[in-house]
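Below is one structure, written out as structure tokens, with a few remarks after it.
Computed from the coordinates by the stated procedures, all read-outs in this text should not be read as laboratory data. Everything quoted here is computed from the prediction, not taken from an experiment. Positions of Cβ are generated from backbone atoms using ideal geometry, with glycine treated the same way; all protein chains shown enter the neighbour counts.
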Amino acid sequence: MRLVTRIGVFLVATIVLVTARVEVRAQVAAPATPSAAASPATAAELKPGTVIGSDNVDQYTRYVPAAARFAIAHGFKLRVLPERRVEWSQGFQHATEKYAAQVALDSDDYIKNYVAGVPFPLIDASDPKSAVKIAYNWHMGPFMPDDFSIAPWSSNAYESDPASPLKIVPKSDADYGCEQFEFLRFAHRTDVDPRPTIGSDAMGVEWKARCNQWMTDLSGSPSEGAGIWIRYLDPKHPDEFFSFSEESRRIRRIAVNLAYPNEACRGCHQPYWAYALPKTENYQYRLLGSTVILACLAADDEPAGFKTGADGLALGEEPFELRHAYILEMRPRFPEGSASAMRTIIYIDSEVYVWLAAEFYDSSGLTATAMPLWRMRPSSEGGSLFDLAGSFYHPENRGSFFRSLVPAHNEFHQAINSGDVTEGTFNPLMMH
């Protein structure tokens, strides 16, 4: 029962004609609110090669996400790269060209006729449905893998040393994670055969994910069990969760309506929002505008954001670049209790639809800020794939305490689109 409770909470273009081929890319919308976007004259002040740290961050505050400002205050630095175009993987590009024209929203704003690729490559900010279309583009974007595995899959806790504020101390007793996490898309596949679905997908599965050996202390406390999640293509079909208890040696199946992301789910946006994103249909969306924001799409290393020296662990320096982003507000569509006051402001890249920063609110105001550190690598067929190399998640009421997805103090292995994750991995009877 402890595992069921914890896991239940844990789970959240233009068209260019080139010779005889049509290339479909995301359209960068005009700002819906003038104050949200940087003017060209202002943007020019931030030059490539600039290094932003605690000594000069005030000059560039308008570009720096709140979670990055927290990290900078504790020694992190942003190295500014030139702006650039980021290529989708060829498989994703081809799927968008093939299927995008048929995609639409029904009367409930649920997606229909979607197969693979970006559902809505042309976004018009004046469209009353633009917000939910951006949300679907985020959910189905080019950074979503066909398969994924990481060991461990974890939310790792850190804080600064009171005696040395720039020294970072792991808080392993507050870590949570899986010994091994595996994820497999059954539909919407673009880069690993079979494409676009695995077999006939008669059960209508979107993806399955498995957490093997759930742990509440990555330094060595006993495992609490294992779990398998299933998401279905039917927007009204709740996710299912199969839990295996180490104590009873039994499997339990339950329907899961995922909790709204907040600190109670241990910064679950980090692993959960990386690839197995919040179910789009569970939220309502509002487009607040667009902006220019500094974001990390090409981290130097994994784990990103940390460095190890003679004095121990500290925050390091990573490359950032100015990115055009939609500012999207999301609220629970079917709120219960205190969730009715919860909302998230999420910054979505208007070209590749990765999330770049987030701010979490409840009735008391801002409760947490977050920022991912992405890493690009080439797709086997051309273009780029993404993996999450690190992150910052800072609860506003926890002082210097923060979390990162990728452990800086434990070894880990991450693989995306390897083709090694198979259907048999997700047989509940094989959990142990």
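Observations on the structure shown:
- The radius of gyration of the Cα set in the range 279-432, together with its Dmax, comes out at 18.1, 51 angstrom.
- Difference of contour (0.36 nm per residue) and Cα-Cα distance, Ile251 to Asp201: 15.6 nm
- Highest-first arrangement of 234-243, 90-99, 333-342, where packing means the average Cβ count within 10 Å: 90-99, 234-243, 333-342
- Per-peptide average of other Cβ atoms within 10 Å, ordering 294-305, 380-391 highest first: 294-305, 380-391
- Highest average first, the peptides 80-86, 64-70 ordered by how many other beta carbon atoms sit within 10 Å of their residues are 64-70, 80-86.
- Take every pair of alpha-carbon atoms less than 8 Å apart whose residues are at least six positions apart; their mean separation over the length of the range 298-385 yields a relative contact order of 22 percent.
- Here's the list of lysines a cross-link from Lys208 could span, going by alpha-carbon distance under 19 Å and ignoring same-chain residues fewer than 8 apart: Lys236, Lys279.
- The range 292-432, dipole about Cα centre (Lys/Arg Cβ +1, Asp/Glu Cβ -1), debye to the nearest 20: 420 debye
- Simple point charges give the picture: +1 on the Cβ of Lys and Arg, -1 on the Cβ of Asp and Glu, and for the range 326-397 a dipole about the Cα centre of about 60 debye.
- Take the Kirkwood radius over Cα pairs of the range 89-236, plug it into Stokes-Einstein at 37 °C and 0.692 mPa s, and you get 182 µm²/s for translational diffusion.
- When the convex hull of its Cα atoms is projected in every direction, mean area for the range 53-166 (nm²): 11.7 nm²
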